[in-house]
1. Looking at the structure I just gave you, is Leu443 modelled with pLDDT of 95 or more, farther than 27 Å from Trp196 by Cα and in a helix (DSSP H, G or I)?
2. Pairs needed: first member in the stretch 155-170, surrounded by 12 or more Cβ atoms within 10 Å (Cβ to Cβ) and among the hydroxyl-bearing types (Ser, Thr, Tyr); second member anywhere, in a loop (DSSP other than H, G, I, E, B) and at pLDDT below 90; C-beta distance under 7 Å; at least 6 residues apart or different chains.
3. For residues that are modelled with pLDDT of 90 or more, crowded, with 19+ Cβ neighbours inside 10 Å and basic (Lys, Arg), tally how many sit in the stretch 124-154.
4. Output yes when any residue across the stretch 171-186 is modelled with pLDDT under 90, closer than 23 Å to Val7 by Cα and not charged (D, E, K, R), and no when none is.
5. From the list Ala395, Ala343, which residue is of a type outside the set (D, E, K, R) and in contact with a Lys or Arg (Cβ under 9 Å, 6 or more places away or on another chain)?
6. Please go through the stretch 317-375 and give me each residue that is of a type in the set (Ser, Thr, Tyr) and surrounded by 22 or more Cβ atoms within 10 Å (Cβ to Cβ), ordered by number.
7. Residue under question is Gln369, and the condition is that it be touching a residue at least 60 places away in the same chain (Cβ under 8 Å), within 24 Å of Pro99 (Cα to Cα) and touching a His at 6+ places or on another chain (Cβ under 9 Å); does it hold?
8. Kindly evaluate Ala10 against the criterion of being in contact with a Phe, Trp or Tyr (Cβ under 6 Å, 6 or more places away or on another chain), on the phi < 0 side of the Ramachandran plot and in a helix (DSSP H, G or I).
Amino acid sequence: MLAAFVVIIALMGGSSRSDVASLPFLRAFAALFVFAALVSTPTAAWRSIRIPLLLLAALAVWMVVQLIPLPSDVWRGLPNRDIVFKMDELLGHGDRWRPISLTPSLTLNSLLSLVVPFGALLVAVATPVEQRERLWWLVWGFAVVSSAFALMQFVAGPRSVFYLYRITNEEGLVGLFANRNHQAFLLALAIVAAGWLIVKGMVRKQRNPLIIAALGSSVALFFVLILITGSRLGLLCGTLALILTFVLIRWGYRFRHQPVNQLRTAKSARWDRLVRIALTVAPIVIVAVVGLISYVSGRASSVTRMLGSSGDAAAEMRLEALSTVTELLRGQWLWGSGFGSFAKVFQIVEPDALLRPTYFNHAHNDWLQFPIEGGLPAVLIALAAIGWLAWLILAALRKRPSSGGLATIEQVALSTCFVFLAIGSLVDYPLRQPSLMMVVAFLVVILVRARSEGDRLGKRD
């Protein structure tokens, strides 16, 4: 059931637009998985994720409140409602009741989108505590399949059938996504996942060198694709992920399984020292060599865009619009304009200097757009979620169960993934995209499961 859920969401949930034709099927399947998980999962398993479920429920309730019609006298007092109220008066409907949301249909769409993370949480929590490694493998496998699509896009070229969405970055290798930033973001997370899985493979009594080699090769593939994709966000997170991965592997090398009767000779000590040096130098060499080769060959779109050697009208527009976005935030911070309404509300306050043939669909900064659309109640829900995650991570790092260093390594990997999410939300909107919602929900369940295992082992000790 877990694998089927990932396949369906990955194939149909690569775009955040509300007019994607596959969305009704995606959400219908997600709802079916929700009911299947409710029937098949023990109630005790739900208790471990009650906080994220309650936070999602609170967000859904606030979206419903934003859809409740208000009296015209109350509604017209909200910011940016004057122009709509004047049109109502001209049409003879000055006493018409309207909801807080300026775009009720898009807010309803946002409400329905929550079925994906809700389903991901319920399906993933059915995984036994000690088998949470499956979720890491699914994140990695998702990235592998998306990378395969990216390679086919590279071979077939723009406008090929391997681009799954009509509105997409056709010049980039977007894989199963419509946006190159989202593809690169997934690959960065997958590099961290591969690093942790390599560490787990090293410490097992029965190691499989082929699996470890495949994971190591995938790290190189993911990083090369990030360079070609053209995402500056991906370049930043991917480089940090690659360096961190080698740090984790070097750290985990200390805990590798060795036979009890094996004598530590001078030769083995020298070999261990060489391996540690190689693991320290390797990430720097790989990043430098691969980046230089890609840049010289003209394939490193991410490096080119980062260095600013080619004009980027979209990035320039985002910078020019930043003052207008912050002004919009000052007007909407209390009740919000309604989830999904940013593009329409921005057009109300958009200055003539920012008019373009294309429209500004997102603020490309969810730290600003989320309070604009959701207001203070949404901000409080977000702060509660951030606080809960921070408390869970810090508590797990401080407790240090009997598995010792390995538990700490996993917590560092998880913390890095959430830091990448925070960075990504500064320049993009990863949490508005269905398949990335699923990935983040899996990371939350992994974090909860890791804490549960630590508590269990602590009691046993």
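1. No; evaluated as a whole, the condition is false for this residue.
2. Tyr163/Glu170
3. 0
4. Looking for residues that are modelled with pLDDT under 90, closer than 23 Å to Val7 by Cα and not charged (D, E, K, R), one finds at least one in the stretch 171-186, hence yes.
5. Ala395 is the lone residue from the list that is of a type outside the set (D, E, K, R) and in contact with a Lys or Arg (Cβ under 9 Å, 6 or more places away or on another chain).
6. Answer for the stretch 317-375, where residues must be of a type in the set (Ser, Thr, Tyr) and surrounded by 22 or more Cβ atoms within 10 Å (Cβ to Cβ): Ser337, Ser341.
7. Criteria met by Gln369.
8. Spelling it out, Ala10 is indeed in contact with a Phe, Trp or Tyr (Cβ under 6 Å, 6 or more places away or on another chain), on the phi < 0 side of the Ramachandran plot and in a helix (DSSP H, G or I).
The values are calculated or read from the model by the stated rules, or taken from the named source; none is laboratory data. As the structure is a computational prediction, the values presented were derived from the model and not from experiment. Because the Cβ atoms are built from the backbone with ideal geometry, glycine has one as well, and the counts that use them run over all protein chains shown.
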